[in-house]
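One structure is given here, and the rest of the page talks about it.
The values are calculated or read from the model by the stated rules, or taken from the named source; none is laboratory data. All values reported here derive from a predicted model rather than from experimental measurement. Positions of Cβ are backbone-derived with ideal geometry, glycine not excepted, and every protein chain shown enters the neighbour counts. Just so you know, the surface numbers come from the protein's heavy atoms only, side chains and all, with ligands and any DNA or RNA stripped out. Shrake-Rupley method; radii C 1.70, N 1.55, O 1.52, S 1.80 Å.
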Amino acid sequence: MKIYKVGLPFIGMSSLILLLSPLANAAEMSNMDHSSMDMSSMDHSGMDMSGDMSDMDHSGMDVSGDMSDMDHSSMDMSSMDHSGMDMSGMDHSSMDMSGMDHSSMDMSEMDMSGMQGGEPPPNARSPDYSNGVPYGQYGKPLMMGSLPLWGVVVDDLGYQFEEDLINFEAEGWYGTDSNRVRLRTEGSAQTKDDKDIESLSSLAYWKPLGIFWNGEVGAAYDTQNDNAAVMAGIVGTIPYFIETDARAYLYTDGQVRLDLSAEYEWRLEQRWVVIPEVELTAFSKDDIDNGMTKGFNEFGAEVRLAYETLSRQLAPYVGLSYESALGDARDLRRQENEAVDSSSLTAGVTFWF
């Protein structure tokens, strides 16, 4: 049996070579080019990337391929710094993000000031919407609502056969859709005996208060008590297209009069119309000399059948009217030998232009 003796120099050299081998392999991998590596089937689920990877250079990596099979579900990349990565050349057109959940994303600090929307610049459009184009020979156009117009409406001009009276109710106006001046009169005239005329006339300023309501403020004169008054009223349409008028009059002697009326147009066909109407009159205090008592004094109702002709601007009618005294006014009329209740056949015409 032969015994070989190895010297100490040889053992020391071998150990040094073994220690330097890992360092050589590490140095060799630092110069490796990963740009052509296909990592589509690699499983990164077990990789811990929570450490400091700021010194890693990903600039040469080719991520343009198909990485749909790569599993990054368990990778912790919360500490990674991507601020230096240049992704301007990446193509996201084929990426399917339909299954991504964005519900937990906080976008409150995102600056979206550069996106479309917001206030237009001052010179985006000219104030008159002409954009520099001249109006031509006809001049600047006007909106119909700003043109001053006028009109006359005669709501009632009829004769009561039983009472031998002529009833009238008419108004005229001038102005725009926003501001008007209105002249209105209503009353009755006797055709026998002393032929008295009782009328209530007013001159008022008219202005819309909303979609369905208009307001009136003005002065009035009542021939029944020969007195002037300040008038305020609301005219409009309540649900089911019922035209409603409410006017209050404050006379110079302190008397207050309230007139309420409602009217509805029930069309049987294109031109035949049935028009029912009711009216109520009330006063704030007694005025025996002029036939007025405190509270509701008079109730009136009328039903007319009208036929509209001449482009619906003229409508002859026939109807039936009814009037009744209310409250203390009934006793006052009895004392003066006047009828408490009355009804009459009526005929007349309504028109406008």
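Reported count of residues in segment 170-214, each being hydrophobic (A, V, I, L, M, F, W, C) and either within 23 Å of residue 349 (Cβ to Cβ) or in contact (Cβ under 8 Å) with a residue 40 or more places away in the chain (or both), is 6. For segment 220-231, filtering for residues that are over 12 Å from residue 247 (Cα atoms) and open to solvent by 40 Å² or more (accessible area, probe 1.4 Å) leaves 5. When residue 296 is tested against (1) closer than 28 Å to residue 172 by Cβ; (2) open to solvent by 30 Å² or more (accessible area, probe 1.4 Å), just one condition goes unmet, and that condition is (1). Considering segment 299-338 alone, what residues qualify as being surrounded by 14 or more Cβ atoms within 10 Å (Cβ to Cβ) and charged (D, E, K, R)? Once the filter is applied, which keeps residues that are surrounded by 14 or more Cβ atoms within 10 Å (Cβ to Cβ) and charged (D, E, K, R), segment 299-338 yields 302, 304, 308, 323, 328, 330, 333.
Restricting the first member to segment 155-169 and to residues that are farther than 11 Å from residue 348 by Cα, and the second to residues that are in a loop (DSSP other than H, G, I, E, B) and open to solvent by 70 Å² or more (accessible area, probe 1.4 Å), the beta-carbon pairs closer than 7 Å and six or more apart or on different chains are 164/192.
Screening segment 263-278 for residues that are within 22 Å of residue 231 (Cβ to Cβ) and touching an Asp or Glu at 6+ places or on another chain (Cβ under 7 Å) and picking the one that is least open to solvent (accessible area, probe 1.4 Å) gives 277. With the requirement that a residue be among the hydroxyl-bearing types (Ser, Thr, Tyr), part of a strand (DSSP E or B) and either touching a Phe, Trp or Tyr at 6+ places or on another chain (Cβ under 8 Å) or open to solvent by less than 70 Å² (accessible area, probe 1.4 Å) (or both), what does segment 160-213 give you? 174, 185, 188, 199, 201, 202 - these are the residues of segment 160-213 that are among the hydroxyl-bearing types (Ser, Thr, Tyr), part of a strand (DSSP E or B) and either touching a Phe, Trp or Tyr at 6+ places or on another chain (Cβ under 8 Å) or open to solvent by less than 70 Å² (accessible area, probe 1.4 Å) (or both).
Restricting to segment 242-269, name every residue that is in a loop (DSSP other than H, G, I, E, B) and either free of Cβ contacts under 8 Å to residues at least 24 places away in the same chain or at positive phi (or both). Before you say what the answer is, go through the steps one by one.
At the first step, the residues of segment 242-269 found to be in a loop (DSSP other than H, G, I, E, B) are 252-255, 264-265, 268-269.
Hits for segment 242-269 are 254, 268, 269.
Being in a loop (DSSP other than H, G, I, E, B) and open to solvent by 20 Å² or more (accessible area, probe 1.4 Å) is not true of residue 347. Pairing each residue of segment 133-152 that is in contact (Cβ under 8 Å) with a residue 24 or more places away in the chain with any residue that is among the β-branched types (Val, Ile, Thr) and surrounded by 10 or more Cβ atoms within 10 Å (Cβ to Cβ), provided the two are 6+ apart or on different chains, yields C-beta distances under 9 Å for 145/176; 146/176; 147/176; 148/176; 149/176. If you go through segment 247-262 and keep only what is within 33 Å of the chain's Cα centre (by Cα) and surrounded by fewer than 17 Cβ atoms within 10 Å (Cβ to Cβ), you end up with 260, 262.
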